[in-house]
Amino acid sequence: MKAIVIGAGIGGMSAAIALEKAGFDTAVFEAVKEMKPVGAAISIWPNGVKCINALGMKEPLRALGGNMAFMAYNDAHSGSTLTRFSMEPLVQQVGEYPYPVARAELQAMLIDTYGRSRISFGKRVTQVEQTEHGVTAWFDDGSQAEGDFLIAADGTHSVIRHYVLGESIERRYAGYVNWNGLVTIDEAIAPADQWTTFVGEGKRVSLMPVSDNRFYFFFDVPLPKGLSEDRATLKSDLKGYFSGWAEPVQRLIERLNPETTNRVEIHDIEPFSRFVKGRVALLGDAAHSTTPDIGQGGCAAMEDAVVLAQTLASHSLGIEDALLRYESRRVERTKDLVLKARKRCDVTHAKDAEVTAAWYADLKNETGERVLAGMCDTIEGGPFG
Ligand code: FAD
């Protein structure tokens, strides 16, 4: 049995590795000639880590991950700590650590595990067709590939989603812009072993440790869509948006490199419940695009990959049946993640100012118990519990 995998992002590579481990042949086709992941880093929560472990990359992932022993929220202007607590109860409950990792390094780990030279780069799929025996994918260079089934991990702008759903779906602007990048750890900005977030005015500034003494940082600002983007003014833009914020935030803006800082308008997609058409299955952001507010988009793609391979490996009623079983195991889970993230997004970014003000007030009384319980609930909904 041969799978055609479209897209060499987190979803496509996890799927290809999982399918090979389950005994399938795979061929991966990626549109770009060279991978340049959007975004500096990503937090892999224990549900995602357990998937990576199951795919045989436990030690390489640990080597890339930062030590996020504590979590804290600070007041935007005074910088004072609203709440600070250990992540250890979460680790104890779910049985694994969370790992913030640099995206390029995660991507390289996945690609190298699969075999870089085995991936066909510069192959943008334009069309797919299927018969009762197999699937054909056509690429923009006129070439084609054939397989028994096809996994579409072609991301949030998926062209294969249209083929599966029979309609185009508009992405929904979530109402805020995110800037993200990496800087050398500076304890005058935040402790090296802590996920620190400054909150106020419906904005946030967050820092997570990744390997090699670096912070993954991000800034969120509620803004209209489509404002012009200019690296030359990136620092002064951020200084304006965060004027009056605490000293560590000003220091972070001074330290960041505008050339390697990404600016992303955050979107999601209204959850839908069809991931499969015959021998073609959507996976990762192609199937469910979420805002990053609970850090679960990539983790969900890893979960998809593991469940897909498990389901296909035990298929006795044929590929089409197995893919439908994959769909039924993933639709509710991923819908839940997208809607949870959307809810969190609205509270964090002051969609309703009163709700956000109440959240800021609650943070002063937070012992960590409620925050960690919510995270554990999300994590334990994954395929490994
Ligand atoms: P992608 O990573 O988009 O990969 C799709 C691949 O398909 C690309 O390489 C693309 O070039 C290729 N492709 C596209 N079209 C075609 C075509 N026609 N033919 C061939 N190839 C094609 N998730 C987390 O788990 N934790 C986080 O902390 C987190 N933080 C985030 C922060 C931000 C700012 C953003 C924007 C997202 C974040 N996410 C996070 C979400 C995560 O990045 C995505 O969910 C994840 O990258 C999805 O992987 P994917 O493989 O499905 O899609």
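The values are calculated or read from the model by the stated rules, or taken from the named source; none is laboratory data. The structure displayed is predicted, hence computed values, not measured ones. Positions of Cβ are backbone-derived with ideal geometry, glycine not excepted, and every protein chain shown enters the neighbour counts. In case anyone asks, the SASA skips ligands and DNA or RNA and just uses the protein heavy atoms, side chains included. Shrake-Rupley method; radii C 1.70, N 1.55, O 1.52, S 1.80 Å.
Points to keep in mind about this one:
- Measuring max minus min along each principal axis, the C-alpha atoms of the range 1-137 give extents of 61, 32, 27 Å (largest first).
- Separation of alpha-carbon centers, the range 1-52 and the range 251-310, rounded to whole Å: 12 Å
- Added length on full extension, which subtracts the Cα-Cα distance from 0.36 nm per residue, His162 to His77: 26.0 nm
- The calculated 222 nm mean residue ellipticity attributable to helices in the chain amounts to -11000 deg cm²/dmol, summing -39500 (n - 2.57) over DSSP H runs of n ≥ 4 and dividing by all residues.
- Relative packing of peptides 315-326, 174-185, 42-53 - highest average C-beta neighbours within 10 Å first: 42-53, 174-185, 315-326
- Cross-link pairs beyond the 21 Å C-alpha cut-off, checked among Lys36/Lys123; Lys50/Lys343; Lys239/Lys343: Lys50/Lys343; Lys239/Lys343
- The range 137-267: C-alpha gyration tensor shape, a/c 1.5 cut-off, then a/b vs b/c: prolate
- Judged by the gyration tensor of its Cα atoms, with axes a ≥ b ≥ c, the range 151-227 is oblate; a/c meets the 1.5 cut and b/c is at least as large as a/b.
- Order of exposure, largest accessible area first, which applies to Glu332, Glu20, Glu303 with probe 1.4 Å: Glu332, Glu20, Glu303
- Within the accessible surface of the chain, defined with a 1.4 Å probe on protein heavy atoms only, the carbon and sulfur portion equals 49 percent.
- Rounded FRET efficiency, nearest 0.05, which uses the C-beta distance separating Glu259 from Leu317 and R0 of 45 Å: 0.25
- Label point distance in nm, Asp352-Thr233, each placed 7 Å from Cα along Cα→Cβ: 3.5 nm
- Kirkwood analysis of the range 262-337, using all unique Cα-Cα pairs, places the hydrodynamic radius at 12.9 Å.
- Beta bridges per DSSP with both ends in the chain, % antiparallel, nearest 5: 70 percent
- According to the Cα-based calculation, Rg over Rh for the range 190-325 is 1.11, with Rh computed by the Kirkwood formula.
- Span from the the range 113-176 Cα centroid across to the the range 219-244 one, whole angstrom: 34 Å
- Considering only the Cα atoms of the chain, their convex hull presents on average a projected area of 18.0 nm².
- The range 273-313: radius of gyration and largest Cα-Cα distance (Dmax), Å: 11.0, 33
- Sorted peptide list for 353-360, 146-153, criterion being average Cβ within 10 angstrom, highest first: 146-153, 353-360
- Accessible area (Å², per residue) of the chain, counting only protein heavy atoms and a probe of 1.4 Å: 41 Å²
- Seen against the Cα atoms of the chain and their longest principal axis, helix 369-380 is set at about 10 degrees.
- Asp362-Arg172 FRET efficiency (beta carbon distance; Förster radius 22 Å; 0.05 resolution): 0.20
- Convex hull per residue volume in Å³, alpha carbons only, for the range 57-96: 85 Å³
- Cα-based radius of gyration of the range 216-288 once divided by 2.2 N^0.38 Å, which approximates compact folds: 1.61
- Cα-Cα pairs of the range 99-187 separated by more than 20 Å (percent): 58 percent
- Selection of chymotrypsin sites (Phe, Trp or Tyr not before Pro), the range 10-97, meeting DSSP coil and at most 12 other Cβ within 10 Å: none
- Base-10 log of normalised Debye intensity for the range 70-139 (one unit scatterer per alpha-carbon) at q = 0.15, 0.17, 0.24 Å⁻¹: -0.81, -0.87, -1.09
- Once the Cβ-Cβ distance of Gln144 and Asn53 is raised to the sixth power relative to R0 = 45 Å, the FRET efficiency obtained is 0.80.
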